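Worksheet: one structure, shown below.
The values are calculated or read from the model by the stated rules, or taken from the named source; none is laboratory data. Model, not experiment: these values are computed from the prediction. Cβ placement follows ideal geometry from the backbone for every residue including glycine, while neighbour counts extend to all protein chains displayed. These accessible areas exclude ligands, DNA and RNA; they are computed on the full protein's heavy atoms, side chains included. Shrake-Rupley method; radii C 1.70, N 1.55, O 1.52, S 1.80 Å.
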Amino acid sequence: MDFIDLKAQQSRIKSSVENRISQVLEHGQYIMGPEVKELEGQLAAFTGAKHCMGCASGTNALELVLSAWGVGVGDAVFTTPLSFIATAEVIAKAGATPIFVDIDPHTWNINGTQLEDAILAVQNNDATKHPLPSICKTTQLTPRCIITVDLFGNPADYENILRIAQKYNLTVLEDGAQSLGGSYKQDKLCNCGCHASTTSFFPSKPLGCYGDGGAVFTNDADLAHVVDSLRYHGRVDAQNKNKNIRIGYNGRLDTMQAAILLAKMEIFEEEISLRQKVGACYTNFLLENAAGYILPQQIASEDQSIWAQYTVLLPENILRGEVIQKLKAGKIPTAIHYPLGMHAQPCFAYLGYEAEDFPMVQKVSKRALSLPMHPYLRPETQEYILHTLLNICQGC
Ligand SMILES: *Cc1c(COP(=O)(O)O)cnc(C)c1O
C-alpha cells in the first residue's frame with residue numbers, strides 16, 4: 001500500500017506526459033518556454049485569478065511575494081505554528097519576525113480571535129496579552145502581513161481573517177501549497193479574496209510535478225508585474241533582459257515541469273472529485289464508528305478541502321508510536337504532520353518561544369496521524385485501514 005500512489009496516476013497520463021515532454025525537446029525552450037504560459041493561463045482560468053505566475057517552488061512563491069511587498073527587518077508577520085517549515089522560514093529569511101498564533105481546536109487553522117490579540121500585543125509590546133518573541137522586549141515591530149495556511153487543504157477562516165487584516169491595514173498572503181483544488185464558500189482556493197496566494201507543485205501535493213515547482217496568484221496587476229520581474233533576477237521585462245532594476249531570484253518554473261503539469265491538468269478536475277469521495281469515506285466512517293474518539297479535521301459545511309492529507313487526532317491516552325508500529329505491521333503506511341510546532345523548532349529557538357505558548361498546536365502535534373490519501377485509494381483499502389486503526393486503538 002502506498003501513502004500517496006503516484007504510479008496509479010502516472011499510468012493514466014503516461015502518453016500525454018510523453019507527448020508533452022517530446023514537444024519541449026523539439027522546441028528546446030527549457031526556460032520560460034510556451035508551456036509555462038499555457039499552464040499559467042489554465043491555472044488562472046481554473047482559480048479565476050487574474051494573474052498566475054509559475055515559479056521555482058512553493059517556498060520561492062512565498063518569498064517572491066514577501067520581497068515584492070518589501071517585507072523585511074522590523075516587520076511582524078503573523079502565521080500559524082502548525083505548518084510545513086517553509087511558511088515561517090521565508091519570513092525569517094526576509095529579515096522579518098514570525099509572530100505565531102495558536103490554531104482553532106477543530107479546523108487546526110489559525111485562530112482568528114487570537115490573531116487579533118497577537119496584533120494588539122505587537123502594537124503595544126505587551127506579551128501579557130499574547131505570547132511574543134523575545135525581540136519585542138527591545139524592539140517595536142510593525143505589523144505588516146498575515147500568512148494563512150490552508151492546512152492539509154482545509155481553507156482558513158478567510159472572512160474573519162480578511163476583516164481583521166483590513167482593520168489593522170495588513171496584507172494577507174494565502175499559503176495554498178496544500179490546497180489548490182479546494183474551495184472557500186463560492187471561491188476557489190488560491191483566489192479567495194487575499195492580496196496574494198501561492199501554491200506548490202512538489203510531487204506529493206494535490207497538483208504535483210516531477211520535481212520542484214510553484215506558482216503565485218493575484219488579482220493585483222502591480223504585484224504581478226513585480227513578481228514577474230523578481231522571478232527572473234529582477235529584470236525589467238522580457239524585452240529588457242539585461243537591465244535589472246530589482247535584486248531578484250532565479251525563480252522560474254522549468255518548461256519541463258510545466259509540460260508535465262499540463263498533462264496532469266487534463267485529469268485534475270476528476271482527481272478533485274475522487275479526492276472528495278475518499279475524504280468523505282474516511283470522515284463518515286469515523287463519525288459513525290469512532291465519534292468523539294478518533295477525531296477528523298473539521299471542514300466548514302460550505303467549504304471543500306482538497307485533502308492534501310487525511311489527518312486524524314488519536315485518542316489522548318494512546319501512544320502514537322505504538323499505533324504507527326502496529327499499522328506498519330499491517331502494511332499501512334502513515335506520516336506525522338507535524339511532530340513539532342514551528343515555534344518549537346530548533347531553528348526558531350532565537351525567537352524565545354516556549355513549547356507551551358500554543359497549547360492547541362502542542363495537542364495536535366502530539367496526537368495527529370496522517371493516513372494514506374490519494375485519488376486512487378479504493379474503498380476496500382480504506383475500509384481495511386479504518387478497521388485496523390479502530391481495532392488498534394481499542395486494543396491499546
Ligand atoms: C509544501 C509546502 C510548502 C513548500 O513548498 P515547496 O514547493 O516544497 O517549496 C510551503 N508551505 C506549505 C504549507 C507546504 O505544505
Among the residues of region 143-157, write down those that are not in a strand (DSSP E or B) and not charged (D, E, K, R).
LEU151, PHE152, GLY153, ASN154, PRO155, ALA156
Pairs, first charged (D, E, K, R) in region 344-368, second open to solvent by less than 30 Å² (accessible area, probe 1.4 Å) and not in a helix (DSSP H, G or I), C-beta under 6 Å, six or more apart
ARG367/LEU313; ARG367/LEU314
Look at region 210-219 and say how many of its residues are open to solvent by less than 10 Å² (accessible area, probe 1.4 Å) and either at pLDDT below 95 or among the hydroxyl-bearing types (Ser, Thr, Tyr) (or both).
1
Go through (1) modelled with pLDDT under 95; (2) more than 30 Å from CYS396 (Cβ to Cβ) for ILE272 and report which single condition fails.
(1)
Yes or no: region 122-130 includes at least one residue that is of a type in the set (Val, Ile, Thr) and within 16 Å of MET342 (Cα to Cα).
no
Scope region 69-102; condition over 20 Å from TYR168 (Cα atoms) and not in a loop (DSSP other than H, G, I, E, B); matching residues
ALA86, THR87, ALA88, GLU89, VAL90, ALA92, LYS93
Every residue from region 18-62 that is part of a helix (DSSP H, G or I), in contact (Cβ under 8 Å) with a residue 60 or more places away in the chain and hydroxyl-bearing (Ser, Thr, Tyr):
THR47, THR59
Name the one entry in LEU189, LEU207 that is in contact (Cβ under 8 Å) with a residue 60 or more places away in the chain and surrounded by fewer than 24 Cβ atoms within 10 Å (Cβ to Cβ).
LEU207
Check whether at least one residue in region 286-295 is without any contact (Cβ under 8 Å) to a residue 24 or more places away in the chain, of a type in the set (A, V, I, L, M, F, W, C) and touching a helix residue (DSSP H, G or I) at 6+ places or on another chain (Cβ under 9 Å), and report yes or no.
yes
Hey, can you tell me all the residues within region 226-271 that are hydroxyl-bearing (Ser, Thr, Tyr) and in a helix (DSSP H, G or I)?
SER229, THR255
Scanning region 69-88 residue by residue, those open to solvent by 30 Å² or more (accessible area, probe 1.4 Å) and in contact (Cβ under 8 Å) with a residue 60 or more places away in the chain turn out to be TRP69, PHE84, ILE85
Selection from region 43-52 of residues that are closer than 13 Å to ARG252 by Cα and either within 12 Å of the ligand (Cβ to nearest atom) or over 17 Å from the mean Cα position of the chain (by Cα) (or both)
none
Could you say whether any residue in region 99-109 is over 20 Å from THR148 (Cβ atoms) and either open to solvent by 50 Å² or more (accessible area, probe 1.4 Å) or hydrophobic (A, V, I, L, M, F, W, C) (or both)?
no
So ILE91, is it within 13 Å of the ligand (Cβ to nearest atom) and surrounded by fewer than 20 Cβ atoms within 10 Å (Cβ to Cβ):
no
Subset of region 188-214 (residues that are of a type outside the set (Val, Ile, Thr), within 12 Å of the ligand (Cβ to nearest atom) and assigned to a strand (DSSP E or B)):
SER197, SER200, GLY214
For the list (1) open to solvent by 70 Å² or more (accessible area, probe 1.4 Å); (2) on the phi < 0 side of the Ramachandran plot; (3) assigned to a loop (DSSP other than H, G, I, E, B), I need the number of the one condition that ALA308 fails.
(1)
Please go through (1) in contact with a Leu (Cβ under 9 Å, 6 or more places away or on another chain); (2) under 30 Å from SER11 (Cβ atoms); (3) not β-branched (Val, Ile, Thr) for ALA329 and return the number of the only condition it doesn't satisfy.
(1)
Are any of the residues in region 139-146 touching a helix residue (DSSP H, G or I) at 6+ places or on another chain (Cβ under 7 Å) and within 16 Å of the ligand (Cβ to nearest atom)?
yes
Taking region 158-186 and the residues there that are in contact (Cβ under 8 Å) with a residue 60 or more places away in the chain and part of a loop (DSSP other than H, G, I, E, B), the one that is surrounded by the fewest Cβ atoms within 10 Å (Cβ to Cβ) would be LYS185
So for region 215-222 (the condition being away from the ligand (no atom under 14 Å from the Cβ) and part of a helix (DSSP H, G or I)), does at least one residue qualify?
yes
